[in-house]
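S.K.: Pasting a structure below so you can have a look.
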Amino acid sequence: MNELFSRIKIFLAIALLAWSCPSGSQALQQYSNPVGDSLYIADPYVLFHKGSYYLYGTSAGDGFRAWKSDDLVHWDALGYVFRPEEDSWATGSFWAPEVIHYQKKFYMIFSCRGPEGSGLRIALAVGDFPWGPFHELYLPLFDYNYSCIDGHLFIDEDGQPYLFFEKVGAVGEFWKGEGYLWGMIYGVKLSEDLSRMVQEPVLCLYPTQDWEHPESMHARSTEGMTIFKRDSVYYMTYSANHYADPDYGVGYATASAPLGMWTKSDKNPILSKNLEAGVSGPGHNSMIRSPDGREWFMVYHSHADPDRPSGRRILNIDRVIFNEDGTLEVIGPTRTPQPMPSDTGK
């Protein structure tokens, strides 16, 4: 009964939004997923800066491309915004870039592979504009002799920067079907200039809930985290399972401080597959507000071909609703027409 009431409330919220918009404007404008004219990108991250959205993601084998939009739906290609230098430490596996505006600069955090035998590491680049170019700053940002991916920078209200990342590894020879991959989310305080950790990393999340497949013999992983604060509560959205698994999805946890303790929602997953609608493996999200700031949206990828899940993924956006008790829900995954993100300025 509670679930039915929740669904009715979400439906009414969308209907009210469409009804409240002026006739002939946003009320008649809709979008359908996938957005961006089937933009093939994985691990999407969106930055809002001076009225425009900038999209980054896993998009090329030799660096990162970016896109620009005014409405989160229609995206214009900006081309490459980062490529490694000629003598770069990085050799490949350019994954999951995210960009923040901090101390009058734009910082891109991402993961990449170093010279043979060095594995995957977190790296940091810097630029003067959200469209780049971004130049190498710290490659790698740190090296504790273990592989890590999916870096995320969070600046708290007091100006303290934090880094979150996924520590990854394998048990046995998983490539032979004799073992499994694993991944756990860690967080740590950074120095003001983002150059170094000022403490030991703290374990934040690891697979425990059934939907995360904690006993899987393929992948036991929590990854792709995004941190934000709302009404004194810290939220972490994250993904679990293997990116090529149809069950790849999104859950969330909450805490009273950036490094936890983090408590997972008992409503997880809040975003999961809908094969009847043609949605497989929705995940690795970022969170962003609509142009007028009234709505929250989850930006995420899903498998381009739900019948053959793989690394080829497409871009989606769906609304996020915050309930009175602070719990959140995603209105999705959708494949039917939805009202455009609200923009009272147009």
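None of the figures in this text is laboratory data; all of them are computed from the coordinates on show. What you are looking at is a predicted structure, and each value in this text was computed from that prediction instead of being measured. Note that each Cβ is placed from the backbone with ideal geometry, even for glycine, and that neighbours are counted across all protein chains shown.
S.K.: I'd like to know if the stretch 305-322 contains one or more residues that are assigned to a loop (DSSP other than H, G, I, E, B), over 23 Å from Y54 (Cβ atoms), touching a residue at least 40 places away in the same chain (Cβ under 8 Å) and of a type in the set (F, W, Y).
M.R.: no
S.K.: Looking at the stretch 319-346, which of its residues are under 14 Å from P282 (Cα atoms), surrounded by fewer than 19 Cβ atoms within 10 Å (Cβ to Cβ) and not polar (S, T, N, Q)?
M.R.: Matches in the stretch 319-346: I331, R335.
S.K.: From V126, V99, which residue is under 23 Å from P44 (Cβ atoms) and under 19 Å from the mean Cα position of the chain (by Cα)?
M.R.: V99
S.K.: Have a look at A240, A219 and point out the one that is among the small types (G, A, S) and farther than 29 Å from V73 by Cβ.
M.R.: The unique qualifying residue is A219.
S.K.: Filtering the stretch 260-292 down to residues that are among the polar types (S, T, N, Q) and touching a helix residue (DSSP H, G or I) at 6+ places or on another chain (Cβ under 8 Å), which residue is surrounded by the most Cβ atoms within 10 Å (Cβ to Cβ)?
M.R.: S272
S.K.: Is at least one residue of the stretch 218-228 among the charged types (D, E, K, R) and crowded, with 17+ Cβ neighbours inside 10 Å?
M.R.: yes
S.K.: Could I ask something else about it? Restricting to the stretch 81-94, give me the number of residues that are among the hydroxyl-bearing types (S, T, Y) and assigned to a loop (DSSP other than H, G, I, E, B).
M.R.: Selection size over the stretch 81-94: 2.
S.K.: Please specify each residue of the stretch 40-52 satisfying the condition of being crowded, with 19+ Cβ neighbours inside 10 Å and over 15 Å from P97 (Cα atoms).
M.R.: none
S.K.: Further question on the same structure: Quick check: is even one residue across the stretch 76-88 aliphatic (A, V, I, L, M), closer than 26 Å to E223 by Cα and within 20 Å of the chain's Cα centre (by Cα)?
M.R.: The answer is yes; a qualifying residue exists.
S.K.: OK, next. Out of (1) surrounded by 13 or more Cβ atoms within 10 Å (Cβ to Cβ); (2) assigned to a strand (DSSP E or B); (3) at positive phi, what's the single condition that is false for Y186?
M.R.: Here Y186 clears every test but (3).
S.K.: What residue, among those in the stretch 214-234 that are of a type outside the set (D, E) and over 20 Å from the mean Cα position of the chain (by Cα), is farthest from Y45 (Cα to Cα)?
M.R.: M217
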